Amino acid sequence: MHDQISDASDSILHGTQHLRWVDVSLSNSQVGVPSNLIPAIILGFLTQPSAPMATFLLEVGTEDLPASFVGDALEQWKAKIPAELEEQLLSPDSIEFYGTPRRLALVLNGIPERQPDREEEAKGPSVKAAFKDGKPTKAAEGFARSRGVSVDDFEIRETKKGEFVFVTQKIAGRDATEILSELIPQWVLGLEGKRFMRWGDGDLKFPRPIRWLVTLMDDRVLPITLTNGSETCSSDRTTEGHRVLHPEPFILKHATGYVEAMRSIYIDVDPAERRQKIVAQVDKAAKSVKGEAIVNPELLDEVVNLVEWPTAVVGKYDEEFLELPSEVAITEMESHQRYFPLKSGGSLLPSFITISNGDPAKSDIIAEGNARVIRARLSDGMFFFNADRTQTLADYLPKLEMVTFEERLGSMRQKVDRIVAVAGAIATQLSLDTTQTDLANRAALLCKADLVTQMVGEFPELQGVMGEKYARHSQEPETVATAIAEHYLPKGAGDALPQSLCGQVVGLADRLDTLVSIFSLGMKPTGSSDPFALRRAANAIVSIIWAGGLDLNLTQLLETIITAFATGRDGVDAAELQQDLESFFEQRVRTLLQDDEGIDYDLINAVVGEDDPDYRARVLSNLLDARDRARFLQQIRDNGTLASVYETVNRASKLAAKGDLDTASLDPANIVDTGLFASPAETAFYQSLQTLVPQTEAAQAERDYQKLINGLKKAAPVVAAFFDGDDSVMVMDDDAAVRQNRLNLLGLLRNHARVLADFGAIVKG
């Protein structure tokens with residue numbers, strides 16, 4: 001296509017401004033257009049010459065960073081930097097992010113060396129406001145000043161709201177180096193995290209002191225200086241290699257080939273590559289001793305960011321330590337030493353794997369040094385284990401008096417007494433027999449006893465685990481021992497739930513007491529703040545009830561617990577506390593239905609209710625039923641069944657709201673007066689309701705809502721004929737008795753549907 005733009009000799013006077021017209025020939029067609037529209041037309045045809053592209057390297061060198069910060073920092077950069085470069089019209093072809101314990105780095109591949117020149121358009125005041133008697137007003141002059149132009153530069157354009165002043169400005173692109181000089185300090189110092197520190201005599205904060213800065217645009221250093229009091233860190237091309245394998249500084253000549261250059265000085269800058277190396281080396285090392293590594297994903301994440309040149313080293317410890325519970329040995333190795341334990345056939349091996357950041361040639365020396373450390377740690381564990389077992393688990397109960405749960409809520413021993421009482425209330429609701437109730441009470445009594453043992457004092461993460469071990473050693477029933485461990489489950493999202501009934505009861509009792517007692521202090525979760533993990537506790541309660549199929553009335557249970565808790569306590573408003581907790585649980589149910597069950601939001605509203613207290617009460621009184629109804633609604637939406645009844649039920653429900661029928665009645669016998677019928681459509685509607693009653697009642701009793709939907713599907717064409725058939729009626733009849741009678745028919749249909757859900761909250765079928 002040959003495009004030709006030529007100036008025309010004509011000009012016209014438009015308003016107070018002259019608009020120049022041009023002829024534009026496109027594909028042998030010629031049209032006349034205002035010159036002020038040319039940019040919009042030709043942008044797709046005329047382009048600037050492409051700016052030269054470059055590679056840019058940024059490396060921020062530090063003292064050893066916390067492992068967790070490395071990954072967090074790179075994620076922050078990934079979320080921030082591409083968007084900022086795009087905003088500056090400097091989007092590179094690709095961005096690579098790297099991090100080790102001593103550096104954060106990025107490479108911008110194919111970044112323009114300069115922004116493109118561009119035009120910026122601004123809309124000003126209307127022509128009427130900008131000009132009076134052909135002269136510019138203060139509004140026009142003010143707009144011109146704000147844009148740095150003259151009134152003579154104005155263009156007049158017709159818009160939907162009339163004629164307005166426009167200005168088009170050409171903006172020259174800036175050098176990328178100039179923009180990067182402004183952005184890089186923000187990228188570095190804008191990182192967020194915990195436990196930032198100051199060093200030297202300045203106010204600059206970072207997780208660890210910044211020691212060097214590399215900024216290369218291809219082979220040129222981009223001068224940048226970070227100032228911290230009397231100290232400065234100026235960019236150059238000098239980086240640091242491995243502390244042991246390459247202790248000398250290293251000169252980076254060019255921004256390209258960064259990964260390869262760093263490998264030459266024994267630095268694996270790519271966390272993904274380090275992870276692959278570690279996993280492969282750990283697997284190989286485990287096989288060398290005929291074992292299998294226990295690889296905790298969280299530990300692997302940490303280890304990846306603890307080393308720059310990983311080497312897997314196998315160490316050994318004395319077999320006598322295998323007498324320790326495996327959980328103790330594993331905790332010692334993982335939590336304290338960052339080792340990967342080894343097992344064979346389900347049993348621990350007296351070996352471990354550590355990921356060294358030292359000289360691979362000295363692996364034997366490294367293995368022996370780490371072995372000495374773990375032997376000392378395991379010796380301590382053996383001492384604690386033997387010392388704790390000189391008493392029964394019950395003997396530790398008095399020591400709980402010395403442990404504070406919360407200053408205003410008393411000791412942990414007092415909390416245990418409350419847990420026992422709540423467990424008893426749960427057992428009563430579940431109609432447990434005497435044996436089951438006694439076991440639940442015993443487990444509740446002992447569930448926190450291990451907190452004051454030496455082992456748990458040293459390793460708090462073993463609470464519950466050691467309680468189970470010590471309960472068995474104390475000849476407690478196996479059910480009690482299992483429940484002590486299980487009552488802490490789930491410990492987080494996706495964690496296992498307690499499997500035994502006793503563990504479920506104690507787990508519920510513990511969390512319900514925590515929620516009631518902490519809420520009584522007014523310490524509700526706010527925003528992201530939830531120091532007592534109350535959201536997690538409530539989520540666990542709902543999840544345990546659902547998974548265990550526990551027929552519990554949460555509303556009644558809360559009332560029982562709150563009444564007992566409030567007795568003798570000043571300042572506790574039982575009614576307000578009940579309301580707060582019910583609202584809290586309602587929100588948790590909504591969250592779990594959406595996140596864990598995958599239920600559409602409007603179907604959740606239909607089950608839980610939007611502004612209908614009846615639905616909330618129903619949900620909390622029967623959580624199992626609420627979940628089943630939500631699941632069923634999602635199922636019939638997905639298979640198209642919901643659509644077959646939605647329109648009819650929804651139309652009936654909206655009209656029924658104009659009447660005064662209660663929402664509970666189902667049987668038309670004593671509500672609808674057949675003597676007022678004036679059409680066969682009313683009779684048919686009445687008969688369909690009669691047929692529907694036993695189906696709805698069965699659906700309620702059996703929680704089989706397919707029976708209700710089947711009944712509503714049969715009723716749908718009858719109701720449709722009532723509205724729009726040959727014998728249709730006017731619901732809002734002039735006769736008040738007839739009108740109310742017809743509204744009652746609709747109200748009864750609505751009530752049948754309400755057994756399943758509030759159809760008015762459903763957006764579509």
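Coordinate-derived values only; no laboratory data. These figures come from a predicted structure and were not determined experimentally. So basically every Cβ, Gly included, is an ideal-geometry build from the backbone, and we count neighbours across all protein chains shown.
For the range 426-486, state the semi-axes of the equivalent ellipsoid (square roots of 5 times the eigenvalues of the alpha-carbon gyration tensor), sorted largest first and rounded to whole angstrom. Could you put the intermediate results ahead of the total?
Values: eigenvalues 117, 25, 12 Å².
Over the Cα atoms of the range 426-486, the semi-axes work out to 24, 11, 8 Å.
Treating the range 643-761 as a set of equal point scatterers at the Cα positions, no solvent, please give the Debye-formula log₁₀ I(q)/I(0) at q = 0.10, 0.15, 0.19, 0.22 Å⁻¹. Once normalised to I(0) and log-transformed, intensities are -0.25, -0.58, -0.95, -1.30. Shown for the chain is the translational diffusion coefficient from the Stokes-Einstein equation, using the Kirkwood radius over Cα pairs, a temperature of 10 °C and a viscosity of 1.306 mPa s: 47 µm²/s.
Considering only the Cα atoms of the range 273-388, their convex hull presents on average a projected area of 6.8 nm². In a reduced charge model with +1 at each Lys and Arg Cβ and -1 at each Asp and Glu Cβ, the chain shows a dipole moment near 560 debye about its Cα centre.
Loop-only check: which trypsin sites (Lys or Arg not before Pro) in the range 220-278 are DSSP coil with at most 13 other Cβ within 10 angstrom?
253
Cβ-Cβ distance of residue 196 and residue 713, R₀ of 60 Å, FRET efficiency by 1/(1 + (r/R0)^6): the value works out to about 0.45.
Using only Cα atoms, what is the ratio of the radius of gyration of the range 117-234 to 2.2 N^0.38 Å?
Scaled against compact globular proteins, the figure is 1.79.
Placing +1 on each Lys and Arg Cβ and -1 on each Asp and Glu Cβ, with no other charges, gives the range 643-761 a dipole about its Cα centre of roughly 400 debye.
D for the range 399-625, whole µm²/s, Stokes-Einstein with Kirkwood Rh over alpha-carbon pairs at 25 °C and 0.890 mPa s: what number? For the chosen part, D equals 136 µm²/s.
Sorted fewest first by neighbouring Cβ atoms within 10 angstrom, 529, 235, 363 come out as 529, 363, 235. If you plug the beta carbon distance of residue 283 and residue 496 into 1/(1 + (r/R0)^6) with R0 = 22 Å, you get a FRET efficiency near 0.25. Of the trypsin sites (Lys or Arg not before Pro) found in the range 469-556, the ones in coil according to DSSP and having at most 16 other Cβ atoms within 10 Å of their Cβ are 491. Computed from backbone phi, the HN-Hα couplings of the range 202-214 come to x, 9, 4, 10, 7, x, 8, x, 7, 10, 8, 9, 10 Hz, rounded to whole numbers (Karplus: 6.51 cos²θ - 1.76 cosθ + 1.60, θ = phi - 60°; Gly and Pro given as x).
Size of the range 487-552 from its Cα atoms: along the principal axes, largest to smallest, the extents are 32, 23, 17 Å. Got a sec? Charge dipole of the chain, +1 on Cβ for Lys and Arg, -1 for Asp and Glu; which of 718, 487, 396 is way out at the positive end? About the Cα centre, the residue reaching furthest to the positive side is 396.
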